[in-house]
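Inspection log for the structure reproduced underneath, given as structure tokens.
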Amino acid sequence: MRKNVWVILALLLVIPGLLFTVSCAKKTVKSDATAAVDTAKQEEAIQARQAAIKAAEEAKKEELARKAAEEAARKKAAEEAALAAQKAKEDAEKRKILSTIQLFESEDIYFEYDKSRLLPAAREVLKKKAQWLRDNPEAIALIEGHCDERGTNEYNLALGERRARSAKTYLTDLGISSSRLTTISYGEERPLDSRQTEEAWGKKRRAQFEIEKRGIVMEWG
Amino acid sequence: MIRQSIKKIGLVLTAVILLTAGIGHAEYDYIDISNPFLRKIPVAVPVFKAITGADGEIELSIKAADLLSSALAFTGYFKTLDRGAFLINPEEFGIVGPNINFENWTSIGAELLVTGGLTVKDKIIEMEIRIFDTFKQKLLIGKKYKGWVNDQRRMIHRFCSEVIYRFTNTRGVFDTKLAFISTGDGNKEIYFCDFDGYNPKRFTHNKSITLSPSWSSDGKWMAYTSYVKGKPDLYIRHIKEKRGTVVSKKGLNSSPAWVPGKFALAASLSFSGDPEIYLLTGNGKIIKRLTHSRGIDVSPSWSPDGKKMAFVSKRSGSAQIHIMDLDSGRVKRLTFQGKYNTQPEWSPKGDKIAYSAMGNGEINIYVVDTEGNHPVQLTHGTGNNESPSWSPDGSLITFSSTREGPARIYMMNAFGTDQRRLLVLPGQQTNPNWSPWTSRY
């Protein structure tokens, strides 16, 4: 009799177990199919999404590229503009320097007859010139001494020399390095004015100033 | 025939020379040394005789007489008579003593007579030239010359040198030259010419300002200042061989003056900061510094014995001439009149100094003795007269003058008479410098 109890228990356990398995098996067959359908759909979706992402990326890339190109173009334009502005500025500066050079050069100092000493007016002019030379520390100046044509050639050569040196000494006393100043005398050999009047003679008894123009290259387009 | 006459003349000539050598020059006191130019001795120089009448002889005969006349007149001692006043024609008169009727000449006032005969053959010229004392009817000098036709001028000048030597015991100026500055080619360059302005020739081609030409004592070197390298440098150049040195120190290298008889010169250099006078060798090396004074020191000129130097200095406050004794170094002021006395030139005779003085708006040539006494003004009211230079025998002074407008080279006697222009070239001519005697004969 006990054997039968175990068989009934086993059956009681197995049959529901079987039932369950059968029913689970059936269920599983059902979700696989939907899963298969879902996977395909999922893959499509994924692909579509990926494509979309790709497209979006491409678009973004193009956008970036365009933006970059724009940026570059803008940069270039800006650079050129900056360069041009810079050049214009330099040219303006050069012109200013040249015009101040011209200003520097255009003013002579004058001497009394047969004298090489500096008059007060001459000293004022030389002070201005010293200031310019301080503001333009690269400049080198040539000082020419001249005389009116009265008097004799050799004596006037010496007098012109003394006049040029007079100016140079004053400028070095004002602090300009003497290595920046050279002197030369032309005596009576280069009169500015051929007239023989007191006024003309006064203009000829002069020291002239010239700046060495090395290193200043102007390009006029 | 002629050869015999010449032999005769040769004997007479020798005799005359021996005679006069014995007697001395007392009999022939023609030139008054104290005032040699006041009374000019009248000389007649008729046209030379064309002896063979060959082609070109007549032209050369006239030329010979012209050259001789102007050469004798140039010295200032003689006055040549106008040929139009001559009483006889060249073809008619004889050229040797025995054949001359001296009354034809004394009657028109000639105290001296020069006769000449010449023959020309194949570009060779032969000349015989004689000078006679018409009143004493005596031959003084007779010479014969033979050479190329082109050397006729030189032969005539040789004869004139004999004449001058005979009368003044000095060589005359016929073999001297002048250097001067002319601007005709666009820049100041140095030119040469003969003593009478003939044969002007350009010497420098610097194409820049050139100044102060100065002959060395042997006539072989020329010193000058030029801006060839852009600044006033001193060039010392051998004239024929074109070699030499440049003194190119900082500042001025100017106003060269050769020491008489030496290969050395003084010059004004300003490399120390101030124009001072230095003594240099002919190769441009400094021997000694001569002036030590602040202010301008320029334009040296040596006494003929080289012991003293005249120069311009501003040490007294204005441009004045001073004299330095080279041995002692002492400096004495020479000029005291006026405020601007420059360009001193010591006479080769040693007794006088010529200079230019500026005053009243013009520059004039003055002469003063070496003590500074009795300055005499030689030019008056005729523009600017500057840069005097003596002839080597001290009888003539050349200078530049603007009396005509543009500057020209002029000549005058040492006493200021007979001022005349030497030559005209394009542009302006200035700063003449008289050469020493350049050849020996």
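Between the listed residues B:Met412, B:Ala54, B:Thr225, the Cα displaced farthest toward the positive end of the dipole of chain B, a dipole computed from Cβ unit charges relative to the Cα centre, is found at B:Thr225.
Taking the alpha-carbon distance from A:Lys94 and a cut-off under 19 Å, which lysines remain once sequence neighbours fewer than 8 residues away in the same chain are dropped? Hits, sequence-local ones excluded: A:Lys129, A:Lys213. Quick one: how many lysine pairs in the range B:34-153 have C-alpha atoms under 22 angstrom apart, if they're 8 or more apart or on different chains? Here the count comes out as 26.
The label point for B:Arg333 and the one for A:Ser179, both projected 7 Å from the Cα toward the Cβ, are 4.3 nm apart.
Using alpha-carbon pairs under 8 Å, 6+ residues apart, how would you state the relative contact order of chain B in percent? Walk me through the intermediate numbers first.
Numbers: 1040 pairs, mean separation 43.2, N = 441.
About 10 percent, as a whole number.
Take peptide B:295-302, look around each residue's Cβ out to 10 angstrom, count Cβ atoms belonging to other protein chains, and average those counts.
The per-residue average across the peptide is 4.
Under a model in which nothing but the beta-carbon of Lys, Arg (+1) and Asp, Glu (-1) is charged, the range B:299-441 shows a dipole of about 240 debye around its Cα centre. Mean per-residue shielding of peptide A:179-186 is 3, counting Cβ atoms of other chains within 10 Å of each Cβ.
For B:Ser248, neighbours were defined as the other residues whose beta-carbon sits under 11 Å from its Cβ, and their charges (Lys and Arg +1, Asp and Glu -1) total +3.
Assign one of three labels to the range B:38-187, namely rounded, prolate or oblate, based on the Cα gyration tensor with a ≥ b ≥ c the square roots of its eigenvalues; rounded applies when a/c is under 1.5, prolate when it is not and a/b is larger than b/c, and oblate otherwise. Before the final figure, lay out each step's value.
Working: a/c = 1.83, a/b = 1.24, b/c = 1.47.
Cα axes put the range B:38-187 in the oblate bin.
Between the Cα long axis of helix B:152-168 and the first principal axis of chain B there is an angle of about 80°, rounded to the nearest 10.
Using a 10 Å cut-off on Cβ to Cβ distances, tally the other chain neighbours for every residue of A:109-119 and report the average as a whole number. Walk me through the numbers before you get to the answer.
Values: counts 0, 0, 0, 0, 2, 7, 1, 3, 0, 0, 0.
The per-residue average across the peptide is 1.
Sparse packing (at most 13 other Cβ atoms within 10 Å of the Cβ) combined with a DSSP loop state is found for the following trypsin sites (Lys or Arg not before Pro) in the range B:127-192: B:Lys136. Neighbours of B:Cys193, meaning other residues whose beta-carbon lies under 11 angstrom from its beta-carbon, give a summed charge of +1 when Lys and Arg score +1 and Asp and Glu score -1. In this calculation the C-beta distance from A:Arg74 to B:Asp185 is compared with R0 = 60 Å, giving a FRET efficiency of 0.35. Protection proxy ranking for B:240-251, A:136-147, using the average of other Cβ atoms within 10 Å per residue and placing the highest first: A:136-147, B:240-251. Label-to-label distance for A:Glu57 and B:Lys143 is 12.2 nm, based on points extended 7 Å past Cα in the beta-carbon direction. In the protein assembly as shown, helices alone account for a calculated mean residue ellipticity at 222 nm of -11500 deg cm²/dmol, with every DSSP H run of four or more residues adding -39,500 (n - 2.57).
Could you tell me whether the range B:177-434 comes out rounded, prolate or oblate from its Cα gyration tensor? Rule is a ≥ b ≥ c as square roots of the eigenvalues, rounded for a/c under 1.5, then prolate if a/b exceeds b/c, otherwise oblate. Rounded, because the longest to shortest axis ratio a/c is under 1.5. In percent, rounded to a whole number, the relative contact order of the range A:108-211 is 41, using alpha-carbon pairs under 8 Å and six or more apart.
With the highest mean first, a sort of the peptides B:298-311, A:156-169, B:113-126 on other beta-carbon atoms found within 10 angstrom per residue produces A:156-169, B:298-311, B:113-126.
Using the Kirkwood radius over C-alpha pairs as Rh, can you work out the diffusion coefficient of chain B via Stokes-Einstein at 25 °C, viscosity 0.890 mPa s, in µm² per second?
104 µm²/s
If you plug the beta carbon distance of B:Arg315 and B:Ile41 into 1/(1 + (r/R0)^6) with R0 = 35 Å, you get a FRET efficiency near 0.15.
Prolate is the label for the protein assembly as shown. Its Cα gyration tensor axes, ordered a ≥ b ≥ c, give a/c of at least 1.5 and a/b above b/c.
Please compute the net charge surrounding B:Ser268, taking Lys and Arg as +1 and Asp and Glu as -1 over other residues with Cβ under 9 Å from its Cβ. Don't jump to the answer; show the numbers that get you there.
Working: positive: none; negative: A:Glu154, B:Glu276, B:Asp297.
Combined, the nearby Lys, Arg, Asp and Glu give -3.
Taking Cα centre as origin and charging only the Cβ of basic (Lys, Arg, +1) and acidic (Asp, Glu, -1) residues, the dipole magnitude of the protein assembly as shown rounds to 2560 debye.
Each reported figure results from applying straightforward, stated rules to the coordinates on display, with no laboratory input. Predicted model only: the values in this text are computed from it and were never measured. Here Cβ is always computed from backbone atoms with ideal geometry, including for glycine, and neighbour counts include all displayed protein chains.
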